[in-house]
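First the structure, in the form of C-alpha cells, and then the observations on it.
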Amino acid sequence: MRQGTPGRRDAQVLVFDADDTLWENNVVFERVIDDFLGWLDHPTLDRAQIRAILDDIERANAAVHGYGSKVFLRSLGECLERLRQRPASVAERREIDALAEALVNHQVELMPGVAETLDALAERHRLLLLTKGDREEQQRKLDASGLLHHFHTAHIVREKNVDTYRWLAGEHGFDPGSAWMIGNSPKSDILPARAAGMWAVFIPNENTWVLEHDDLDPTDPGVLRLAAFGDLLRHF
C-alpha cells in the first residue's frame with residue numbers, strides 16, 4: 001500500500017463498478033458492431049471511418065438518452081440512415097435487431113476471481129456497488145450475477161460524474177478520503193471519483209468502450225493500478 005493511503009487492515013468503504021469490472025460487457029457490444037460494419041459493406045468508407053461515425057452518434061445519444069442496449073440499437077439505426085441518406089427499411093431494422101440479439105440473450109460472465117475476492121473483502125470492508133445505464137437492464141445483470149449479497153447496497157444511476165460520487169458519500173455518510181472507487185473506466189470510475197476526493201483503483205479491461213477512455217495522470221498517488229481483480233486482496 002502506498003505511503004499516506006489507508007492501510008490494508010483498516011475497514012474501508014469500497015465502491016465497485018459493475019460492467020467490465022465485475023463481468024464482461026462491452027466485448028458483446030463490440031462483436032455486434034463488428035457484425036454491423038461487415039453487413040453495411042459501404043462502397044466508399046472503410047470500417048474505421050464508419051466506426052468513427054458510429055462513435056459520434058453513440059456519444060450524442062448517450063448524452064441525451066443514456067446507456068444500454070436500447071440506446072445502442074437506436075445508434076445503429078441512426079448510423080445506417082446517415083450513411084444511406086434515407087430512413088431504414090423494415091427489413092433493415094429487423095436485420096439490426098437480429099445482429100443485436102446477442103445483447104438480449106447474453107449470459108453474465110464474471111471476471112476471473114471476482115466471486116472469491118468479494119467474499120474475502122466483504123469480511124473486512126463495507127462494499128457498495130455503483131453502475132450506470134438502463135435501470136431494468138442493469139438490474140437484470142445484477143440479479144443474474146449472483147453477487148448482490150456481497151454489497152451493502154447497489155445503485156443504478158444515469159451518469160457517473162463528480163456529483164454522483166459526492167452524492168454517494170453523503171447518502172452513506174462516509175468520508176471520501178477514506179473510500180475507494182474500483183473500476184475499469186477512466187472517464188466514469190477513476191477521474192470523477194478522484195475529483196470528489198476518493199481514492200481509486202484502476203483495473204484496465206482491453207474491451208473498455210472507447211467512449212469511456214480518458215487520460216490518467218501516471219504520477220497521481222491516489223490511483224492504484226492493478227492487473228487483475230484478485231490483486232485487490234494484496235491491498236485491502
Globularity ratio of the stretch 26-105, using Cα Rg and 2.2 N^0.38 Å: 1.01
Positive-end extreme of charge dipole, the chain - chosen from 193, 79, 229 (charges on Cβ): 193
For residue 23, distant residues with modelled amide H under 5 Å away: 111
Interchain or long-range residues, amide H under 5 Å from residue 179's placed H: 199
The chain - Debye-derived log10 I(q)/I(0), Cα point model, q = 0.13 Å⁻¹: -0.80
Table column - 3J(HN,Hα) (Hz), the stretch 209-224, Karplus curve with 6.51, -1.76, 1.60, x for Gly and Pro: 4, 4, 6, 9, 6, 6, 8, 9, 6, x, 9, 5, x, x, 10, 9
Simple label model, 7 Å out from Cα along Cβ direction - residue 91 to residue 61, nm: 2.3
Exposure of residue 148 as accessible area (Å², to 10), given a probe of 1.4 Å and all protein chains: 60
Cα centroid separation - the stretch 33-49 against the stretch 140-163, whole Å: 35
Label point at residue 45 placed 7 Å out along Cα→Cβ; residues across the stretch 78-95 whose backbone nitrogen lies under 15 Å: 78-88
Highest to lowest packing among 73-85, 97-109, 179-191, scored as the average C-beta count within 10 Å: 179-191, 73-85, 97-109
Heavy-atom accessible surface of the chain: percent carbon and sulfur, 1.4 Å: 49
Accessible surface, the chain, averaged per residue in Å² (probe 1.4 Å): 49
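The values are calculated or read from the model by the stated rules, or taken from the named source; none is laboratory data. Just so you know, these numbers come straight off a predicted model, no measurement behind them. Heads up, the Cβs are rebuilt from the backbone with ideal geometry, glycines too, and the neighbour counts pull from every protein chain shown. Heavy atoms of the whole protein, side chains included, go into the accessibility calculation; ligands, DNA and RNA do not. Shrake-Rupley method; radii C 1.70, N 1.55, O 1.52, S 1.80 Å.
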